[in-house]
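Here the structure comes first, spelled out in structure tokens, and everything after it is commentary.
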Amino acid sequence: MRKLLIAALAALPLVALAAPPQTVTLDVQNMTCALCPITVKQSLEKVAGVSAVKVEYAEKVAIVTYDPDKAQPEALTKATTDAGYPSTVHK
């Protein structure tokens, strides 16, 4: 029990230093059918650090929540582009 408490206390500062999740909206090209959003979502979910993806087919956007310590917007746009759906960060 004591070792567990020490381990928990030792890990506490690391949790406090972790960056909060960030959300970015990507403008996604080439989504022309109902299956396209599934491919876009799957490509984004494979990026390390991504915790949530919502793809809006009608608006041609993907809303991605990610850990900025593990992923950056460039990795997200590369993932969609590699899947055949070039994207850019929504401005």
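Largest first, the extents of the alpha carbon coordinates of segment 19-89 on the three principal axes equal 36, 20, 17 Å. Here's the list of lysines a cross-link from Lys46 could span, going by alpha-carbon distance under 21 Å and ignoring same-chain residues fewer than 8 apart: Lys54, Lys60, Lys70, Lys78. Once C-alpha pairs closer than 8 Å and six or more residues apart are averaged by separation and normalised to the residue number of segment 19-89, the relative contact order reads 43 percent.
Read-outs throughout are calculated quantities, based only on the coordinates presented, and are distinct from any laboratory measurement. Keep in mind it's a predicted model, so treat the numbers as computed, not measured.
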